[in-house]
Amino acid sequence: MLGRDKKLAWVSGLALVFAGVVAGLALTAHFGIMSTGNAVSAPVVKGNEELIRISSGLANIAEAVTPSVVNISTTKTVKQENPFGNDPFFKKFFGEQFGNKEFKERSLGSGVIVGSDGYIVTNNHVVAGAQEIKVALSDKRIFKGKVVGTDPRTDVAVVKIEASGLPAITWADSDRLKAGEMVMAIGSPFGLSRSVTMGIISAVGRANIGISDYEDFIQTDAAINPGNSGGALVNMKGELVGLNTAIFSETGGYQGIGFAIPSNMVRQVMDSLIKSGKVVRGWLGISVQDLTPELAKQFGIEGGAGALVGEVVKDSPAEKSGLRRGDVVLTFGGKEVSDASHLRNMAASTTAGARIKLGIVREGKKEDVTVTVGEQPKDMAEGPSGEQAEPGSALSGVAVEDISPELADRLGLGKNATGVVVDSVQSGSPAEDAGVRSGDVIVSINRKPLKNVKEYGGAVSKLKKGEPVLLLINRQGTFLWMSVSPGE
């Protein structure tokens, strides 16, 4: 009897264990804590496939383009002057270490490979004054860079490294860009190489920013930070649409507004620098201004687009074509002219000798005038040495020329007039805000008299960003003092 009871107890215990296992499996299945090895995958949310394809496409673009973007580091020697550094008295008591000192200044930027044989485009301000340039590729190879040429007036520079078989980027036609298109910015912000950010084209044709003399910027909200300068702005085909150049910021960091030089302008400047070591610009020989609503009404222009001719230089291509003061230029080579800066940029980027049809309005009637574009005179806006106002300085955007007998006679200056004649003043520039006009004669800068464009170039090359300048102006025989202060 006792043996039977033991068997029943053993069977009952086994049944309880089995029931516990079954109950445990049921509970784990109910609460989703079963082994992942046998788990059933959660269904993919409907619509995710499209997002995955987009994400994969963006990654493919970044992967393809990033090898074409390089890191550029520069070194230059900077002198720190001590006003008493050469005084024997102080040297006697404090030693030679009290004198002037030199130190190495290093900076970082970006560049874009545009030739498989080692040609790289970047910003002029990235390599300006550099004594040593190092270019780091995405495969971690480092090369010594050599400046082929620079153009401060557009802030474009070309650097060459001794290498071959490099992944050159594909160029896009920046004239086709529209606001709203998606773009990527690639560069080395804060030295973090191969960084990729994304955004859209916020606007095109931005001028009068005060960054350079020739401005036709692409505005984007793709994050651009210090170190991104000279990097690539690419479209959704992985093509280069712009060269990242500057940001608008009140803090020094990204605030949603970045500017890039259009690829078409970069390529035109690059080709000229590689071919001749300098930029050859087209020239019409006119000074122009924007149309205000009041001026547009006076000249019978609807919409306010176009550029109003203020002066026509004697014997210039414009005069030979029959252009007159008071004409309003609406089209250049079939393309609409939005404002004075736009016309100036189009003329400058046109090859000398090209015959261009201008659509104008003269005394309320539309006409066509054909002009043979000339080469911009070397002494028109800068000295032979290439010295000029630093972008963002008080006189940035001011173009000048020497006083010729014809100019002196036309402007009523007299035979003994000295200084340089203002050929044009960029709309929205500090000089325009201060009241400087086309036809004014700048007699002195900061109380130092000027004789010619060469002296002007030397004077303005020393001006710093944020530094006001005092001008003495001769306006048709009347002398005026003007203080020009750069914008904040």
* **Elements of type helices (runs of 4 or more DSSP H) in the range 393-488, at least 1 residues being small (Gly, Ala, Ser), over 22 Å from the mean Cα position of the chain (by Cα) and in the same structural domain as residue 287 (by TED's automatic domain parsing)** => none
* Only listed residue being closer than 30 Å to residue 187 by Cα, of a type in the set (Gly, Ala, Ser) and without any contact (Cβ under 8 Å) to a residue 40 or more places away in the chain, chosen from 304, 256, 242, 277 -> 256
* Quick one: residue 265 ticks every box in (1) within 29 Å of residue 421 (Cα to Cα); (2) in contact with a Phe, Trp or Tyr (Cβ under 6 Å, 6 or more places away or on another chain) except a single one, so which number is it? => (2)
* To do: Please go through the range 418-457 and pick out each residue that is free of Cβ contacts under 8 Å to residues at least 40 places away in the same chain and of a type in the set (Gly, Ala, Ser).
  => 444
* Which one of 46, 76 is within 23 Å of the chain's Cα centre (by Cα), among the basic types (Lys, Arg) and either closer than 30 Å to residue 236 by Cα or at pLDDT 60 or above (or both)? -> 76
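Every residue, every condition in (1) among the β-branched types (Val, Ile, Thr); (2) more than 29 Å from residue 400 (Cα to Cα); (3) modelled with pLDDT under 90, yes or no:
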| position | (1), (2), (3) |
| --- | --- |
| 228 | no, yes, yes |
| 234 | yes, yes, no |
| 242 | no, yes, no |
| 247 | yes, no, yes |
| 254 | no, yes, yes |
| 278 | no, no, yes |
| 287 | no, no, yes |
* Report yes if some residue within the range 365-383 is assigned to a loop (DSSP other than H, G, I, E, B), at pLDDT 85 or above, closer than 18 Å to residue 282 by Cβ and more than 20 Å from the chain's Cα centre (by Cα); otherwise report no. => yes
* Inter-residue pairs, beta-carbon under 9 Å, first under 13 Å from residue 196 (Cα atoms) and in the range 49-70, second surrounded by fewer than 11 Cβ atoms within 10 Å (Cβ to Cβ), 6+ apart -> 67/139
* Given the structure, is residue 168 closer than 26 Å to residue 148 by Cα and in contact with a strand residue (DSSP E or B) (Cβ under 6 Å, 6 or more places away or on another chain)? -> yes
* Of (1) aliphatic (A, V, I, L, M); (2) in a strand (DSSP E or B); (3) more than 24 Å from the chain's Cα centre (by Cα), residue 288 satisfies all except one. Which? -> (3)
* Output the strands (runs of 3 or more DSSP E) that fall wholly within the range 192-266 and possess 2 or more residues being not aliphatic (A, V, I, L, M), or say none. => 195-206, 217-220, 239-247, 258-262
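The values are calculated or read from the model by the stated rules, or taken from the named source; none is laboratory data. Everything quoted here is computed from the prediction, not taken from an experiment. In this analysis, Cβ positions are derived from the backbone assuming ideal geometry, glycine residues included, and neighbour counts consider all displayed protein chains.
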